[in-house]
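The values are calculated or read from the model by the stated rules, or taken from the named source; none is laboratory data. Just so it is clear, the model here is predicted, and its values are computed rather than measured. Please note: Cβ atoms are built from the backbone with ideal geometry, for glycine as well, and neighbour counts cover all protein chains shown. These accessible areas exclude ligands, DNA and RNA; they are computed on the full protein's heavy atoms, side chains included. Shrake-Rupley method; radii C 1.70, N 1.55, O 1.52, S 1.80 Å.
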Amino acid sequence: MTMPVMEPQLDATTLRSWAHVIDGGPFSSLCWGERIAFDNPDSLTLLGALSAWTDRVRLVTTVVVPQLHDPVMLAKGLATGDLLSGGRLTVGIGVGGRHEDYRAVGADPATQTRRAMAERVAVMKRVWAGEKITESVLPVGPPPVQTGGPPLQIGTIGPKTIRDAAAWADGV
């Protein structure tokens, strides 16, 4: 079941109510998408709230666009969500279809490619494996609850993306 994050005049009470109803069943997962240039909640902040408001359902980002984020900070935020949800997180990954979201964060729309997405996912997986990504003293944590990080689903409409993602995605 998808959260009503694109509805006008959304508030915390509505989101919490939906989360409780969805968690109460019979649904198996609770989903939400990411948009930057729109009046919806921030995906990672919402992930934290949904982790607190639910106990049972799988939490699924329908599509997070790695090119709109620093990959180390995105990996940290998703690992935190995985920790807070007790390992109930699945992450949908895609290049996104809206240039206005890229422009809103100062990202280059030329990075709206499968290759740029795969490069950022590779960094995220290294963070989740506990590798040091920079010359920092310690690796970036917390480690995700799920070994190797939350499962990654590729959001796509084309066979080339599926073929490329076969090396790193857990599903479509």
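Can you give me the ranges of the helices (runs of 4 or more DSSP H) entirely in the range 4-103 with at least 1 residues that are within 30 Å of Lys132 (Cα to Cα) and open to solvent by 50 Å² or more (accessible area, probe 1.4 Å)?
Correct list: 43-53, 71-84.
In the list Val64, Val60, which residue meets the criterion of being in contact with a Cys (Cβ under 8 Å, 6 or more places away or on another chain), under 18 Å from Thr2 (Cα atoms) and among the aliphatic types (A, V, I, L, M)?
Result: Val60 is the single residue among Val64, Val60 that is in contact with a Cys (Cβ under 8 Å, 6 or more places away or on another chain), under 18 Å from Thr2 (Cα atoms) and among the aliphatic types (A, V, I, L, M).
Taking the range 135-160, which residues are within 18 Å of the chain's Cα centre (by Cα) and either closer than 23 Å to Gly97 by Cβ or in a helix (DSSP H, G or I) (or both)?
Pro150, Pro151, Leu152, Gln153, Ile154, Gly155, Thr156
Filtering the range 132-158 down to residues that are of a type in the set (Val, Ile, Thr) and out of contact with any Asp or Glu (no Cβ under 7 Å at 6 or more places or on another chain), which residue is most open to solvent (accessible area, probe 1.4 Å)?
Checking each candidate, the answer is Ile157.
Answer yes or no as to whether Ala129 is open to solvent by less than 60 Å² (accessible area, probe 1.4 Å) and among the small types (Gly, Ala, Ser).
The answer is no for Ala129.
Please list, ordered by first then second residue, the pairs with beta carbon atoms under 7 Å, 6 or more apart or interchain, first in the range 130-147 and closer than 14 Å to Gly77 by Cα, second open to solvent by 50 Å² or more (accessible area, probe 1.4 Å) and of a type in the set (Gly, Ala, Ser).
Val145/Gly86
Condition first: part of a loop (DSSP other than H, G, I, E, B) and of a type outside the set (A, V, I, L, M). Now tell me which residues in the range 161-172 satisfy that.
The answer is Trp168, Asp170.
Restricting to the range 92-135, count the residues that are hydroxyl-bearing (Ser, Thr, Tyr), at pLDDT below 90 and under 22 Å from Gly33 (Cα atoms).
Number satisfying all stated conditions: 2.
Search the range 153-172 for residues that are free of Cβ contacts under 8 Å to residues at least 12 places away in the same chain and pair each with any residue that is open to solvent by less than 60 Å² (accessible area, probe 1.4 Å) when their beta-carbon atoms are under 7 Å apart and the residues are at least 6 apart or on different chains.
Close Cβ pairs (under 7 Å, with a partner that is open to solvent by less than 60 Å² (accessible area, probe 1.4 Å)) amount to Ile162/Ile154; Ile162/Thr156.
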